[in-house]
There are 2 protein chains.
Amino acid sequence: MPDSHPPDRSLPREPVAAILEQLAADGSWAEYGGVWTRRLQERLCKTFGATTARLTCSGTLAVELALRGVGVRSGDEVILAAYDFPGNFRSIEAIGARPVLVDVVAAGWTLDPAQLDAAYCEATRAVIVSHLHGQLARIDVIRQWCDRHNVALVEDACQVPGARVGGRPAGAWGDASALSFGGSKLLTAGRGGAVLTSSEEIAQRMTVFAERGNDAFPLSQLQAAVLLPQLDELALRTEQRRRGAEALMEFLEEASSVVGPGHWKQEDIPAFYKFGVMLPESETRGPAEIRQRVLEAARDAELPVGTGFRGFHLRSLRRCRRVGDLANARTAAAATVLIDHRVLQAGDSEQDSGILARIVELFDRWR
Amino acid sequence: MPDSHPPDRSLPREPVAAILEQLAADGSWAEYGGVWTRRLQERLCKTFGATTARLTCSGTLAVELALRGVGVRSGDEVILAAYDFPGNFRSIEAIGARPVLVDVVAAGWTLDPAQLDAAYCEATRAVIVSHLHGQLARIDVIRQWCDRHNVALVEDACQVPGARVGGRPAGAWGDASALSFGGSKLLTAGRGGAVLTSSEEIAQRMTVFAERGNDAFPLSQLQAAVLLPQLDELALRTEQRRRGAEALMEFLEEASSVVGPGHWKQEDIPAFYKFGVMLPESETRGPAEIRQRVLEAARDAELPVGTGFRGFHLRSLRRCRRVGDLANARTAAAATVLIDHRVLQAGDSEQDSGILARIVELFDRWR
């Protein structure tokens, strides 16, 4: 991401200023926990239909804590997509468990449910499923598979608070689900995260791991407080970004050969942290080369376009097990470009349309 | 601690309000890191004479990260006092290493250097040393022992930022040293911590463990910002609390049979998070029974007096190795009472003297 990305106009500036003033005045910023952390937990439980929201210092750690919560232990296997956030691979390793890589859906970024049967073995203890780049995972199908095989589902909803899939909020499908409140995220406290669950057993396992005299992985009152006004506005902001994403998709379809996150089902509500785009191959250049040129041009033009994840398909087989050829994940790792969510917020202003048009023009130059 | 403890008058209210207003206005609260985390790191390095200050989500995690930084691995042994913060024992276990318990000094709370020879074996990789309850550890002697035996020193300075011992700041003696910014601590962000080191190798090991796509154990900009005005005032506040502690010691010596943290050397500067008191035995009652009565009376009188740590001497030998009979640690675990640092802040106001006098009266009832 260039440093000169557009400001995040969607952050509720006045309410955040007011709540910070309140914390400064009453000294509650200096408490281990209290009214703000409790309120945030209550709001998260209500929003995501969970009974426990354990606040954490990062989304990365939230995934590790979720894995520990569902009972993953050293020697177990955990299935995840070969294209995913790097921290998810590391979280499995941190427990001494073994990542098992499966492919993502064609021209996309989310775990392909059709790969799960081939990945399963007796050591399989959990599946991590991430909703990524504006594409909702087939979490309903994966949930059913997990239930049939008595395998725990850890849902990584770090990129999609506010989304709904299959009639339920993203973040409500996992036995334990992770949220991130990192700096540029849709809900942000600069840093932070949470694990949602409705299982007392999972909540208890997380407590045993994290409580060491004090909570080893906490979220502060300051961070909790600034999230509350964002939760008030989450539905509104989700809708604004969805409209921005729709406008971008229309641009792409008319003008470009690149592939976006695809259209969503009528009953689903997507959420856009970053808008993923899959660049095509050309007759003379592979997607990796095309991507490099697009990113260079974007940097020169100060457009908020960045690269996707590197994927895990090249990781040593000492560290993980691979299922199949992971062809789609390889393509995703080479060809993905991400448009920052801050260009998706209004969708109706001249400035936004201008940025969208310039981004599409950039892509189209390499069709 | 009763909920009705006196307010922490030492927190710099106006400067904290001003800095939070600034973060709210410029949006820097919503960044992963930036000017505030960088400034805090610079200030910590300067204050403690370190080249790296890695910010963390808690002091508890800072100790674990310090242990990982100095190279502790599964199967190693780590020596610590049998009376210490519970998280330190858990941090050793979290790495798969083995805690080795040694005794504390007589009538005190800090690791007895004389026990180290008996604790040492080939598997010894590190020693954790905490400054506790107003008593500075014999860190200079322990530093020399560690150097002679090629064992790493992890200094837990969570309770004593601002203290100096043997001509150097507490927090500057360890190969890696931990600070805590927890809710009632002398430097507070509600939650948080830091690891200080001047070894690139240690800093690098911490980075490898913590950086997983994002920092898994971060401190937010909001937390970093509110710490800066406290660092400005740290020397002043340390001196105020030292005066309060001296007044309390004089009270105790005149009126009471209980033992305080002891007098410090001329060149040392103690820091008081909580002021430790060791209750005596009587002819008819052991210290644990006396303590229970003191704590009940304190609760009834709404005096800010709490209990010490439980100690590790009863932990299963499957979890740790014990060196000697740990007699002093057993006494500390049974007989320690802690006076909250918030009564030590002025030492000259009528209200403070009144609280001190009432606390001493409470102790004295059981002499």
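Quick notes on this one:
- Test: residue in the stretch B:220-235 that is under 22 Å from B:A357 (Cβ atoms) and not in a strand (DSSP E or B): no
Conditions (1) on the phi < 0 side of the Ramachandran plot; (2) of a type outside the set (V, I, T); (3) over 25 Å from the mean Cα position of the chain (by Cα), marked per residue:
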| site | (1), (2), (3) |
| --- | --- |
| B:S257 | yes, yes, yes |
| B:K265 | yes, yes, no |
| B:I269 | yes, no, no |
| B:K274 | yes, yes, no |
| B:M278 | yes, yes, no |
| B:T284 | yes, no, yes |
| B:I290 | yes, no, yes |
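- The stretch B:165-194, residues that are touching a Gly at 6+ places or on another chain (Cβ under 8 Å) and within 20 Å of A:G190 (Cα to Cα): B:S180, B:F181, B:G182, B:G183, B:T188, B:G190, B:R191, B:G192, B:G193
- Residue match in the stretch A:203-222 (condition: crowded, with 23+ Cβ neighbours inside 10 Å, within 13 Å of chain B (Cβ to nearest Cβ), farther than 29 Å from B:I92 by Cβ and out of contact with any Lys or Arg (no Cβ under 7 Å at 6 or more places or on another chain)): yes
- Residue within the stretch A:244-255 that is loosely packed, with under 15 Cβ neighbours inside 10 Å, farther than 24 Å from A:I339 by Cα and in the same structural domain as A:A327 (by TED's automatic domain parsing) present: no
- Filtered residues of the stretch B:124-144 (kept if more than 15 Å from B:V70 (Cβ to Cβ) and among the hydrophobic types (A, V, I, L, M, F, W, C)): B:L132, B:L136, B:A137, B:I139, B:V141
- Residue count, the stretch A:11-52 (criterion: under 29 Å from B:P229 (Cβ atoms), more than 11 Å from chain B (Cβ to nearest Cβ) and surrounded by 24 or more Cβ atoms within 10 Å (Cβ to Cβ)): 1
- Residue count, the stretch B:72-106 (criterion: more than 18 Å from the chain's Cα centre (by Cα) and within 21 Å of B:F275 (Cα to Cα)): 1
- Only one of the listed residues (A:S198, A:S177) is at pLDDT 95 or above, out of contact with any Lys or Arg (no Cβ under 9 Å at 6 or more places or on another chain), surrounded by 22 or more Cβ atoms within 10 Å (Cβ to Cβ) and polar (S, T, N, Q). That residue is A:S177.
- Selection within the stretch B:174-212 - part of a helix (DSSP H, G or I) and either touching an Asp or Glu at 6+ places or on another chain (Cβ under 9 Å) or not small (G, A, S) (or both): B:E200, B:E201, B:I202, B:Q204, B:R205, B:M206, B:T207, B:V208, B:F209
- Among the residues of the stretch B:163-186, the ones that are touching a Ser or Thr at 6+ places or on another chain (Cβ under 8 Å) and within 14 Å of chain A (Cβ to nearest Cβ) come to 4 in all.
The values are calculated or read from the model by the stated rules, or taken from the named source; none is laboratory data. Predicted model, so just to flag it, every value in this text is computed and none were measured. So basically every Cβ, Gly included, is an ideal-geometry build from the backbone, and we count neighbours across all protein chains shown.
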